[in-house]
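Below is one structure, written out as structure tokens; comments come after it.
Each reported figure results from applying straightforward, stated rules to the coordinates on display, with no laboratory input. Given the structure is predicted, the values throughout are model-derived calculations rather than measurements. Please note: Cβ atoms are built from the backbone with ideal geometry, for glycine as well, and neighbour counts cover all protein chains shown.
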Amino acid sequence: MPDVHNWQLGRTMSYPYPESHPERQFAFVFNINRCIGCQTCSMACKSTWTFSKGQESMWWNNVETKPYGGYPRHWDVRVLGLLDEANSNAGIKPNWQPGTGTEREAPYGSYDGMTIFEAAAAEAPPVRQAIGYLPAQDEWAAPNVFEDVPRAGRPAPGFLGLEQAGAQLPEHVAWFFYLQRLCNHCTYPACVAACPRQAIYKRPEDGIVLIDQERCRGYRKCVEACPYKKTMYRPTTRVSEKCVACYPRIEGRDPLSDGVPMETRCMAACPGKIRMQGLVSVDPDGSWADDPQNPITFMVRTEKVALPLYPQFGTEPNGFYIPPRWVPRDYLHQMFGPGVDDALARYRAPSRELLAVLQLFRTTQKIIFRFEIEEGPKVFETEIDGKPWSMYDDTVIGFDQKGREIVRLNVEEPIHQRPAPRMNSI
Ligand code: SF4
Ligand code: SF4
């Protein structure tokens, strides 16, 4: 298998196809801390793309409750188990080594365990491109089992490191959180690697991963290989389907778009204002271009406040998450890798620029390609984690693909006080 560079793992890894990167990449940032689990995103997607016969159990976007929830049921526990087994059979105890490469090539250090591709190559004899499993039909049937079920009670001493000094707060003893999921339009997609018909492809213009419905024969190798379980089989047509990243909107062909790229339906519908989606420029070697005024690049590469989900799988997903503050760190480390502590420290005491960029979530349906900040007065100061922290009422401005201003707002929200005659009195 050719070697490709995976910046999320900080090393080269084996992948069935040689390096080839799009000019721009569909990417998104979800702020888990803000999600209210309303499922508006799931319904926006379903009512747009998967409302037909044979698609009843098909949720391209879903929101599951961690630690117990999963769609299909227990998908991540199963895949992590397979990867653990493969590593242990090879005598490897996977670990993250502190950074040895440059910030650009290895921002989180390097991972020395096998990925799902390397684990498949190590099988004797190697018969598949990625390890995985095909979920049983009933595992797709109920998308939200364990919704709102917490990891409850006071844990036994030693559980997830909760007793350690410094790990007491902000982690809660009883906790859960919502995990928003859709296809990550991965840089090294397992679905593409596994398809024997080469029916799945990554578009060179925006990195969106699509299944050619004419070429697909429904072998379900993609369903087996995708570690995130985001390709799904449709029994009525006998072919597989997956998230199409609302590509007509990304191409600026939605009647409302005025010719510029718009965010997907699930992003645009989110009342919790947790989602921001964009298109990031990619250099020919696959690294994200140095474009710190793009809000997605700023949060992922400059501030490193948003992290990939299960980077150890090796697909280099292009969805990134601001981790939840109240969850035990060991759980988050397993899920988002070693960048968790720094990301949470930055989120708890955001820089002046980050606080401004966080205001831009869900302020427009158009994709923000560039932001600018106009400095305003200091309006608040306090201490966070023993260090002084100040808040400024800066103005943040977002621009569309054509460089036109599409949003402008202040960091400090205005307070509207009703006049006494209009006060509610019950
Ligand atoms: S998340 Fe799964 S379906 Fe989506 S691109 Fe990655 S491997 Fe393919
Ligand atoms: S619409 Fe937004 S707030 Fe509601 S569940 Fe989806 S991501 Fe969470």
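Where is the GNM fluctuation largest for the chain (alpha-carbon springs, 10 angstrom cutoff): TYR201, TYR347, TYR17?
Per the Cα network of the chain with a 10 Å cutoff, TYR17 tops the list.
Looking only at GLY54, GLY339, GLY109, which one moves most when the chain is put into a Gaussian network model with springs between Cα atoms under 10 Å?
Top of the fluctuation ranking is GLY54.
Relative contact order for the stretch 257-405: what is it in percent, counting Cα pairs under 8 Å that are at least 6 residues apart?
With pairs under 8 Å counted, the relative contact order is 24 percent.
DSSP loop GluC sites (Glu not before Pro) in the stretch 30-104 with at most 12 other Cβ atoms within 10 Å of their Cβ, which ones?
GLU103
Distance between Cα centroids, the stretch 212-231 to the stretch 379-422: provide it in whole Å.
Their Cα centres are 44 Å away from one another.
So who's got an amide H within less than 5 Å of the one on VAL327, skipping anything under 5 residues away but keeping other chains? H placed 1.01 Å off N, in plane.
The answer is HIS172.
Can you compute the helix-only [θ] at 222 nm over the chain? Use -39500 (n - 2.57) per DSSP H run of at least 4 residues, normalise by all residues, nearest 500 deg cm²/dmol.
-4500 deg cm²/dmol
Just add up the charged neighbours of CYS195: K/R +1, D/E -1, any other residue whose Cβ is under 9 Å from the Cβ of CYS195.
Residues close to CYS195 contribute a combined charge of +3.
Looking at this model, which pairs from LYS53/LYS221; LYS242/LYS402; LYS230/LYS402 are more than 26 angstrom apart at the alpha-carbon?
Over 26 Å apart, Cα to Cα: LYS242/LYS402; LYS230/LYS402.
Name the long-range amide H neighbours of GLN97: under 5 Å, sequence gap of 5 or more, or other chain; modelled H, no Pro or chain starts.
For GLN97, whose amide H was placed from the backbone, the distant partners under 5 Å are SER110, TYR111, ASP112.
Among GLY91, GLY319, GLY113, whose mean-square fluctuation peaks in a Gaussian network model of the chain (Cα, cutoff 10 Å)?
Answer for the Gaussian network model of the chain: GLY91.
Within 10 Å, count the other beta carbons around each residue, average over each peptide in 175-181, 206-212, and list them highest first.
Output ranking for 175-181, 206-212: 175-181, 206-212.
Along the stretch 11-21, what does the Karplus equation 6.51 cos²θ - 1.76 cosθ + 1.60 (θ = phi - 60°) give for ³J(HN,Hα), rounded to whole Hz, x for Gly and Pro?
Rounded to whole hertz, the list is 7, 7, 9, 8, 8, x, 10, x, 4, 7, 10.
For ILE200, which sequence-distant residues (separation of 5 or more, or a different chain) have an amide H within less than 5 Å of its own amide H, given hydrogens modelled in the peptide plane?
For ILE200, whose amide H was placed from the backbone, the distant partners under 5 Å are ASP212.
Expressed as an acute angle from 0 to 90° and rounded to the nearest 10, what is the orientation of the C-alpha long axis of helix 75-89 relative to the principal long axis of the chain?
It works out to around 60 degrees.
Where in the stretch 238-263 does the label zone of LEU134 land, with the point 7 angstrom along Cα→C-beta and an amide N cut-off under 16 Å?
238-241
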